[in-house]
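A.B. asks: One structure, as structure tokens, below. Some questions next.
The values are calculated or read from the model by the stated rules, or taken from the named source; none is laboratory data. None of these values were measured; they are calculated from a predicted model. With ideal geometry, Cβ positions are generated from the backbone for all residues, glycine too; neighbour counts draw on all protein chains shown. Accessible surface areas use protein heavy atoms only, side chains included; no ligands, DNA or RNA. Shrake-Rupley method; radii C 1.70, N 1.55, O 1.52, S 1.80 Å.
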Amino acid sequence: AFMTLGSAVGLIMFVSAVLIRQSPRQFSCKDKFVVVWMLVCAGIHMVLEGYFSFNHKNLAGMQTVLADLWREYAHSDSRYLTSDPFTVIMEGITAVFDGSFAVVAAYGVLTDSPIRHPAQLVTSLMQLYGNVLYMGINCMEGFRYTNPHPYYFYGYFVLMNAFWIVIPLYLIVDSVKSIYRGMLIAQRAAIVKKAN
């Protein structure tokens, strides 16, 4: 199941690279990373988490690759096989909104659109907020949903979720700085225009 997920992520990364190469503009390493990250996130959020949101009640008995992935991940967090209300709602919101905003953010980078940083900021804030709630609730309840075996706890629960804490934090700072600079330039231009 994880080989399939890895292959799908690899395919999205390849498509991202093609989109970057076909663009007439030059991209910094950071911008290339953001395009790949946002498109990988969009795929994971919309397809994988969307699948969970629509099929959470029947996952245990389903014979699909995506159901297999969720059953495997449920070794780390049992809430994914019990239709835990918070988890179902959180994954549904993530699938619809985080996935959509991630596509808009990638589009913004690829086209050098001003929508890039607002979409990047919203996506990253939602990812960080959802992950902090997801992990925080489990922590506050004594990790009762989490398998204590180091492979599942650190490999699945901690490591797989850490990406959606560390990278969004970086992208939040990046977007706040860019929006701040843009607003500062706009304010200075308005002052100059008023003075003339």
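A.B. asks: Identify, by number, the condition in (1) over 22 Å from ILE12 (Cβ atoms); (2) in contact with a Gly (Cβ under 9 Å, 6 or more places away or on another chain); (3) surrounded by fewer than 18 Cβ atoms within 10 Å (Cβ to Cβ) that ASN147 doesn't meet.
C.D. replies: (2)
A.B. asks: Also, quick follow-up: Suppose we filter ALA17, ALA8 for residues that are under 26 Å from TYR152 (Cα atoms), modelled with pLDDT under 95 and open to solvent by 30 Å² or more (accessible area, probe 1.4 Å); which single one remains?
C.D. replies: Only one candidate qualifies: ALA8.
A.B. asks: Which ones in the stretch 105-127 are open to solvent by less than 30 Å² (accessible area, probe 1.4 Å) and not small (Gly, Ala, Ser)?
C.D. replies: Within the stretch 105-127, VAL109, ARG116, GLN120, THR123, GLN127 meet the criteria.
A.B. asks: Identify, please: which residue in the stretch 161-171 is among the aliphatic types (A, V, I, L, M) and without any contact (Cβ under 8 Å) to a residue 24 or more places away in the chain and is, among those, most open to solvent (accessible area, probe 1.4 Å)? Break it down into steps so the answer makes sense when it comes.
C.D. replies: Going residue by residue through the stretch 161-171, those that are among the aliphatic types (A, V, I, L, M) are 162, 165-167, 169, 171.
Keeping just the survivors that are without any contact (Cβ under 8 Å) to a residue 24 or more places away in the chain gives 162, 166.
Details: ALA162: 34, VAL166: 96 Å².
By that ranking, first place goes to VAL166.
A.B. asks: Let me ask something additional. Hey, among LYS30, LYS57, which residue is over 19 Å from LEU159 (Cα atoms), touching a residue at least 12 places away in the same chain (Cβ under 8 Å), out of contact with any Ser or Thr (no Cβ under 7 Å at 6 or more places or on another chain) and not hydrophobic (A, V, I, L, M, F, W, C)? Break it down into steps so the answer makes sense when it comes.
C.D. replies: On the way: LYS57 fails: out of contact with any Ser or Thr (no Cβ under 7 Å at 6 or more places or on another chain).
Criteria check complete, one pass: LYS30.
A.B. asks: Follow-up. Which of the helices (runs of 4 or more DSSP H) contained wholly in the stretch 40-104 include at least 2 residues that are closer than 23 Å to LEU128 by Cβ and open to solvent by 60 Å² or more (accessible area, probe 1.4 Å)?
C.D. replies: Output list reads 85-93.
A.B. asks: Hey, among ILE165, ILE172, ILE191, which residue is out of contact with any His (no Cβ under 8 Å at 6 or more places or on another chain), modelled with pLDDT under 95 and part of a helix (DSSP H, G or I)?
C.D. replies: ILE191
A.B. asks: Something else about it: What single numbered condition from (1) of a type outside the set (Lys, Arg); (2) touching a Pro at 6+ places or on another chain (Cβ under 9 Å); (3) under 20 Å from LEU159 (Cα atoms) fails to hold for ALA105?
C.D. replies: (3)
A.B. asks: Determine which member of the set TYR134, TYR152 is surrounded by 14 or more Cβ atoms within 10 Å (Cβ to Cβ), touching a residue at least 60 places away in the same chain (Cβ under 8 Å), within 22 Å of TRP70 (Cα to Cα) and not charged (D, E, K, R).
C.D. replies: Just a single option satisfies the conditions, and that option is TYR152.
A.B. asks: Mind checking whether some residue in the stretch 172-182 is open to solvent by less than 80 Å² (accessible area, probe 1.4 Å), within 28 Å of LYS30 (Cβ to Cβ) and touching a Phe, Trp or Tyr at 6+ places or on another chain (Cβ under 8 Å)?
C.D. replies: no
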